[in-house]
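For reference, the structure discussed in these notes is given below.
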Amino acid sequence: MSDESQMIGERVRLELGDAIAGMRALPNSSFDLAIADPPYGASTRGRWRLDREHTLPGFGGGWQMAAHSWDRLGGVAGFELTLAWLCELKRLVKPTGSLWIHATYHNSGIVNVACQILGLEIINEVVWFKRNAFPNLSARRLTASHETILWAHTGGDRREYYFNYAEVKAREFPEDALKTPGKQLRTVWDIPNNKTRAERKFGGHPTQKPLRLTQRMLLISARPGGRLLVPFAGSGTELVAGLLHGMDCVGFEIDPDYAQAARQRIQSVLKDL
């Protein structure tokens, strides 16, 4: 990564291009944490819609599921791609660090198997319960109300990964009905999927995560002053969270529109720091 124009401030670098090719140019064990939100392989060519004038409670505005070319993955090609980017993350994240990997039922099994093949130990499988998940408009299956998040590490049997246990146990998360101060954090997280106006100000992403979800991951596993790798940056949520946590961040995004939205969002946050 030699293009200095990709720097946003002094602590965030966002590269426009393929994540696997970009990561191959980075030195071994150069990051303390990685958060991967890869393509799920969930897109179809259907166009289900929820009109803005709907009367369903708990949903703010319209919604449309479109067919995204970057999310049409599956079969052997999808498995090989998963192995490729996970292999790079294993090389780049220190044994004292860890990885967070987002998934749904479309790809969680593939990610789990790939982690086992590569010797990435899964610390926990987290279920992110979304109270306000979108309804199932086809009425042909149950309404999907959760996503899977895998917490893994690269250290093998040494298990040197950082875990901010005491602070996490003491912390209160007001929106999470399953967590009270002084109780251990469980593997089911009750976090609404709402994004604030600031989070969507410069444009959203179809799989954009709420900032508070990523901030919880960083509270658990990231030291301020460390380095964060985000191979699939999207609209920049993980980079913003890392910046707010006091980390130096490197991200990749292949879509120029999402990369531009992420840059604008990060620049806006920098103005307030």
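Every read-out reported here was derived from the displayed coordinates using simple, explicitly stated rules and does not represent laboratory data. Keep in mind that this is a model prediction, so the values were computed, not measured. All Cβ positions, glycine included, derive from the backbone under ideal geometry; neighbour counts span all protein chains shown.
Counting every Cα pair in segment 153-273, what percent are over 21 Å apart?
Numbers: 3255 of 7260 pairs.
Roughly 45 percent, rounded to a whole number.
Give me the Debye-computed log₁₀ of I(q)/I(0) at q = 0.09, 0.16 Å⁻¹ for the chain, equal point scatterers on Cα only, no solvent, two decimals.
Each listed q maps to, in turn, -0.41, -1.41.
Over 27 Å, how big is the tail of the calculated P(r) for segment 93-236, in percent of all Cα pairs? Walk me through the numbers before you get to the answer.
Working: 2615 of 10296 pairs.
Of all Cα-Cα pairs in segment 93-236, 25 percent lie more than 27 Å apart.
Show me 143-154, 7-18, 190-201 ranked by packing, highest mean number of other Cβ atoms within 10 Å first. Can you show the working numbers first?
Details: 143-154: 19.6, 7-18: 17.4, 190-201: 14.8.
With the highest mean Cβ count within 10 Å placed first, the list reads 143-154, 7-18, 190-201.
Considering Cα pairs under 8 angstrom that are at least six residues apart, work out the relative contact order of segment 158-273 and quote it in whole percent.
Values: 157 pairs, mean separation 25.4, N = 116.
Rounded, it is 22 percent for segment 158-273.
Non-local amide H neighbours of G226 (under 5 Å, H modeled in plane, Pro and chain starts lacking H): which ones?
D248
Which residue, chosen from L213, S29, L83, occupies the Cα position most advanced towards the positive end of the dipole of the chain, where the dipole is computed from +1 (Lys, Arg) and -1 (Asp, Glu) charges on Cβ about the Cα centre?
L213
Given the peptides 172-179, 231-238, 242-249, 84-91, arrange them by the average over their residues of other C-beta atoms within 10 Å, most packed first. Numbers along the way, then the final one.
On the way: 172-179: 14.0, 231-238: 27.1, 242-249: 20.9, 84-91: 19.1.
The densest-packed peptide leads the list: 231-238, 242-249, 84-91, 172-179.
Between segment 166-183 and segment 9-27, what is the separation of their alpha carbon centroids in Å?
Result: 35 Å between the Cα centres.
Counting only C-alpha contacts under 8 Å and six or more residues apart, can you give the relative contact order of the chain as a whole percent?
On the way: 531 pairs, mean separation 64.0, N = 273.
That works out to 23 percent.
Arranged from highest to lowest average of other beta-carbon atoms within 10 Å per residue, in what order do the peptides 133-140, 158-165 appear? Display every interim value, and only then the final one.
Values: 133-140: 11.9, 158-165: 14.1.
Averaged packing, sorted descending, gives the order 158-165, 133-140.
State the antiparallel share, in %, of DSSP beta bridges confined to the chain, rounding to the nearest 5.
On the way: 18 of 37 bridges.
Approximately 50 percent, going by the DSSP bridge assignments.
Placing +1 at every Lys and Arg Cβ and -1 at every Asp and Glu Cβ, with all other atoms neutral, what dipole size does the chain have around its Cα centre, in debye to the nearest 20? Each step should come with its number before you reach the end.
Working: 34 positive and 29 negative charges, 140 e Å.
So the magnitude is around 680 debye.
What helices does the chain hold that run 20 Å or longer along their axis, going by alpha-carbon atoms, with a Kyte-Doolittle average of -0.5 or more, using DSSP H for the helix calls? Working shown, then result.
Numbers: long enough: 75-92 (26 Å, 0.79); 256-272 (25 Å, -0.95).
Length and hydropathy pass: 75-92.
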